[in-house]
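Shown next, in structure tokens, is the structure this report addresses.
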Amino acid sequence: MLRIDVITIFPELFEPFRRLGVLGGAIERGLLELEAHDLRDWTNDRHRTVDDTPYGGGPGMVMKPEPLVEAIEAIAGPKGPERTARVVLLSPQGTPFTQRTAETWARDEHLVFVCGRYEGIDQRAIELAVDEETTVGDYVVSGGEAPTMVVVEAVSRFVPGVLGNAESAQTDSFQQDFQEGHLEGPQYTRPVDYRGKIVPPVLRSGDHGRIAHWRKRAALERTQERRPDLLEGGARRRGED
Ligand code: JF5
């Protein structure tokens, strides 16, 4: 079973996340465990302080090293070859989290996510206790909690049993298209005419050869338009090398 721990100053944010949807079902069925820990439980002062002013000056606050390192060590043990958990810090400074990362991490036994807040984290805490730093995209949010939820969802979909056989992450149509290095094309369901916009007739023709050909072209056109980066570089970019 995969165990996931989260270290955050807002553990309550994870309550509905744990209870509802695909993840709620997976936890209920004992396929994975998810626990959110309050970073302030590892403070010693009256005010349960987790941040301080930056050395060298500048705006905002920095997360203090002591509560972070003590929380991580209590949950994952000290950093080094004996550690069986992967400790991940979500931050804009990380390496990109991808579908491939999700697949790899889903095979781990223990993941620990550290949610950053404020203007950043004392570098010594990262060096002393964190194994990997990852980003979910080139934008900044106020804390690592939402990025952590993104990563937990993407990873959970690769845990055997979580999605059920028909919808497994491995056979998922996005995953297939993804591995082939393009986006999915447009999808349609009933009614055939909605507010005067009709379903492309080829999809209702029953000619499976023409349908496959049309879908391939539509997917490539969309990729060229929206994500030309996916088409450049071919297999190398798709991680086949
Ligand atoms: C964060 C210090 C982390 O903004 C992010 C983020 C974006 N992509 N992945 C993570 O995390 C919030 C804020 C301040 C560290």
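The values are calculated or read from the model by the stated rules, or taken from the named source; none is laboratory data. Small disclaimer: the values here were computed from a predicted structure and weren't measured. Please note: Cβ atoms are built from the backbone with ideal geometry, for glycine as well, and neighbour counts cover all protein chains shown. Only protein heavy atoms, including side chains, enter the accessible area calculation; ligands, DNA and RNA are left aside. Shrake-Rupley method; radii C 1.70, N 1.55, O 1.52, S 1.80 Å.
Taking segment 64-101 as the range and being crowded, with 18+ Cβ neighbours inside 10 Å, of a type in the set (Gly, Ala, Ser) and more than 14 Å from the ligand (Cβ to nearest atom) as the test, the residues that pass are Ala71, Ala76, Ala85.
Within segment 106-118, the set of residues being assigned to a loop (DSSP other than H, G, I, E, B) and either surrounded by fewer than 14 Cβ atoms within 10 Å (Cβ to Cβ) or away from the ligand (no atom under 11 Å from the Cβ) (or both) comprises Ala106, Arg107, Asp108, Glu109.
Mind telling me which of the residues Phe14, Phe10 ends up being within 25 Å of Gly77 (Cβ to Cβ), open to solvent by 60 Å² or more (accessible area, probe 1.4 Å) and touching a residue at least 60 places away in the same chain (Cβ under 8 Å)? Give the steps one after another, and end with the answer.
Details: Phe14 fails: open to solvent by 60 Å² or more (accessible area, probe 1.4 Å).
Checking each option against the conditions leaves just Phe10.
Per the listing Val152, Val202, the residue uniquely in a helix (DSSP H, G or I), in contact with a strand residue (DSSP E or B) (Cβ under 7 Å, 6 or more places away or on another chain) and at pLDDT 95 or above is Val152. Criterion applied to Ala146, Ala169 was being away from the ligand (no atom under 11 Å from the Cβ) and either at pLDDT 90 or above or surrounded by 18 or more Cβ atoms within 10 Å (Cβ to Cβ) (or both), and the one residue passing it is Ala169. Counting the residues of segment 21-48 that are of a type outside the set (Ser, Thr, Tyr), part of a loop (DSSP other than H, G, I, E, B) and open to solvent by less than 80 Å² (accessible area, probe 1.4 Å) gives 3. Of note, Arg83 satisfies the criterion of being of a type in the set (Lys, Arg), in a loop (DSSP other than H, G, I, E, B) and over 19 Å from the mean Cα position of the chain (by Cα).
What are the residues in segment 150-163 that are open to solvent by 40 Å² or more (accessible area, probe 1.4 Å) and more than 9 Å from the ligand (Cβ to nearest atom), if any? I'd like the intermediate steps shown before the answer.
Just the residues of segment 150-163 that are open to solvent by 40 Å² or more (accessible area, probe 1.4 Å), to begin with: 150, 153, 157, 160-161.
Correct list: Glu153, Arg157, Pro160, Gly161.
Within segment 122-143, restricting attention to residues that are open to solvent by 70 Å² or more (accessible area, probe 1.4 Å) and without any contact (Cβ under 8 Å) to a residue 40 or more places away in the chain, the residue that is farthest from the ligand (Cβ to nearest atom) is Glu127. Residue check: His110 meets all listed conditions (1) within 24 Å of Ser142 (Cβ to Cβ); (2) touching a residue at least 24 places away in the same chain (Cβ under 8 Å) but one, namely (1).
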